[in-house]
1. Sorted by accessible area (1.4 Å probe), largest first, how do Asp89, Asp72, Asp31 line up?
2. Can you compute the charge dipole magnitude of the chain about its Cα centre, using +1 on each Lys and Arg Cβ and -1 on each Asp and Glu Cβ, nothing else charged? Give it in debye, rounded to the nearest 20.
3. I'd like the distance between the alpha-carbon centres of segment 87-115 and segment 25-74, rounded to an integer number of Å.
4. Taking the chain as a whole, which cysteines find no other cysteine Cβ under 4.7 angstrom from their Cβ?
5. For Arg45 and Ala74, what does the FRET efficiency come to when R0 = 25 Å and r is the distance between their Cβ atoms, rounded to the nearest 0.05?
6. Carbon and sulfur: what percent of the chain's accessible surface (1.4 Å probe)?
7. Can you tell me the accessible area per residue over the chain, all protein chains present, probe 1.4 angstrom, in square angstrom?
8. For Lys86, go through the lysines and keep the ones whose alpha-carbon is under 24 Å away, minus same-chain ones fewer than eight residues off.
Amino acid sequence: QVQLVESGGGLVQAGGSLRLSCAASRSISSDNAMGWYRQAPGKQRELVATITGSISTKYAHSVEGRFTISRDNAKNAVSLQMSGLKPEDTAVYYCCGVFRGTLYWGQGTQVTVSS
């Protein structure tokens, strides 16, 4: 069993920045695909960003150029740096990771962007 715990959410004005962190309860390596998803009220959960291997990243078109996903294997953590935030980025953000073929999710952290 792997626990993923997100932190760093909050309320920010449009144009501002936030950094989300996800701490894993066990060691992670470049073999573990990690990612961030988000779910806005009344909408389906959607992909935000993923990182596989050491530096291979993928972003949703809506966040490309504004968000950056990174991993720190030494700290068993994955981060999502968000800048140029927009009200439409408001959602619960979930961290996820694949460990030995099983996908695990965190409990989510709320990000609210005011206009």
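1. Highest to lowest solvent-accessible surface, that is Asp31, Asp72, Asp89.
2. 120
3. Rounded to whole Å, the Cα centres lie 9 Å apart.
4. Unpaired cysteines in the chain: Cys96.
5. Taking R0 as 25 Å, the efficiency between Arg45 and Ala74 is 0.30.
6. Percent of accessible area from carbon and sulfur atoms in the chain: 49.
7. Computed with neighbouring chains in place, this is 53 Å² per residue.
8. Partners within reach: Lys43, Lys58.
The values are calculated or read from the model by the stated rules, or taken from the named source; none is laboratory data. Since the model is a prediction, treat every value here as computed from it, not as a measurement. Positions of Cβ are generated from backbone atoms using ideal geometry, with glycine treated the same way; all protein chains shown enter the neighbour counts. To get the accessible areas, we keep the full protein, side chains included, count just its heavy atoms, and leave off ligands, DNA and RNA. Shrake-Rupley method; radii C 1.70, N 1.55, O 1.52, S 1.80 Å.
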